[in-house]
Amino acid sequence: MSMTLIEHIEVTAASVASVEFDLIPDTYTDLMLVASIRSTYAVTTSNVLLSLNGTGSVTRRALLGSGSSASSTTSGGGSGYSGVVSGANSTSNTFGNMTYYFPNYAGSNQKSISTDSVSENNATEAYQAIHALLWSESSVIDTITLTDMSANIGQYSSFTLYGITAGSDGTTTVS
Amino acid sequence: MAIKSFTRSTIENNIFYRSMLAGNTAFEPSSEDILAEEVLTSAAATVTFSSLVSSYGSDYQHFQIRGVVRDTNTSFALRNGLMQFNSDTTSYRTHLLEGNGSSVSSSEIATSTSGYFAIYTGSATTTIFSPFVADILDPFDTNKNTTVRVLSGVAGSNIVLRSFAYFDTQAIDSISMTATGVSWSIGSRFTLIGLK
């Protein structure tokens, strides 16, 4: 296995409406995206919406912790909810921390995606979330777009996309 | 895959390649490197990765620490590891989402002297160690407090997704991981990985 940096983006403006990786090569086995995000939405914790190839048809099943209670939720209809981030009402200079994993992103099946994400805050409320996502398209993923659920992505948020290449060493037995 | 020699192929076999790759796949160096690894040969209270800014600040964007650990406590199967940055004992807060095999809960640890980064075992069978993976994003960005996300678990006990923030924007120059009140056991492994 090897990991290759495809692109790193840092928000230098005060905020941006979205962050997009496009023209993603189809030569890797999997993709991994790590992101450190602060939303401009005036809440403690906001949500990041995921859109692939310009469509919003990503559905989720999620396990959530708020710092005081746990829950599980779903959202259909292509809402694109994909993870939690720190909002504008969280402690200043504090960002969320999340990883998206896109296995077999260049395959011809529908795409299942997993994310682990957390918001942070110097108070009781801060979220941890595990998401299982489904993009019901068989196309190769060549564009990944992230937006905030209700506002913008704040300054100094960062996004790093890696390509994961399967190795050929060792022995694998299938029986 | 066998490596083809450009020299041998062109000179000795009279085969012409338009590319200097001579039919080989282009080599792409990995963007993920093991920067340091500590496997304990004697029990130790704290493991510290230090001089991070000067050693890695210009080459790596993110850190990941992977570990498989236990400690010398003999009374409790479920233990907590503590993480501190830059030897600072202020300004941390931890939150967690946890399952114990039958129910799920979420809570916080408001103690500000350390981040509670992982659960692991103490008194379980001596050959059992507990894994964790900690992601530390943008550790050198002085515009940000540092947020850490950790997945860890103890066999037969709990699994937990934790996060903690270090509420200080200084660059992370050292990372210390301490076993609560006792020592990390012999064989505990801590690996620092850099992501470009």
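Values in this text are rule-based calculations from the coordinates and carry no lab data. Owing to the predicted nature of the structure, the values given are computational and were not obtained by experimental measurement. Note that we place each Cβ from the backbone using ideal geometry, even for glycine, and neighbour counts take in every protein chain shown.
Quick notes
- The mean count of C-beta atoms from other chains within 10 Å of the C-beta of residues in B:131-138, rounded to a whole number, is 4.
- Value of [θ]222 nm, deg cm²/dmol, for the protein assembly as shown, DSSP H segments ≥ 4, -39500 (n - 2.57) each, nearest 500: -500 deg cm²/dmol
- Under the criterion of Cα pairs below 8 Å and six or more residues apart, the relative contact order for chain B equals 35 percent.
- Spin-label proximity, B:S91 to the range A:84-99 - amide N less than 12 Å from point 7 Å beyond Cα toward beta carbon: A:92-94
- Each Lys and Arg adds +1 at its Cβ and each Asp and Glu adds -1 at its Cβ; summed about the Cα centre, the range A:44-175 shows a dipole of about 200 debye.
- Each of B:E98, A:E137 has some number of other Cβ atoms within 10 Å of its Cβ, and from fewest to most they run A:E137, B:E98.
- Furthest towards positive pole of dipole, B:N86, B:T111, B:M20, structure part chain B, Cβ charges: B:M20
- Per residue, the average separation of C-alpha pairs within less than 8 Å and at least 6 apart gives the range A:62-175 a relative contact order of 25 percent.
- Under the convention that each Lys and Arg Cβ holds +1 and each Asp and Glu Cβ holds -1, the size of the dipole of the range B:20-164 around its Cα centre is about 500 debye.
- Shielding by other protein chains, A:109-117, mean Cβ within 10 Å: 1
- Computed packing ranks the peptides B:155-164, A:138-147 as B:155-164, A:138-147, most packed first, by mean other Cβ atoms within 10 Å.
- Kirkwood-Stokes translational diffusion coefficient of the protein assembly as shown, alpha-carbon pairs, 10 °C, 1.306 mPa s, µm²/s: 73 µm²/s
- Partner shielding of B:26-32 amounts to 5, given as the average count of beta-carbon atoms from other chains within 10 Å of each residue beta-carbon.
- By other beta-carbon atoms within 10 Å, ranking B:H95, B:H62, A:H8 with the fewest at the front produces A:H8, B:H62, B:H95.
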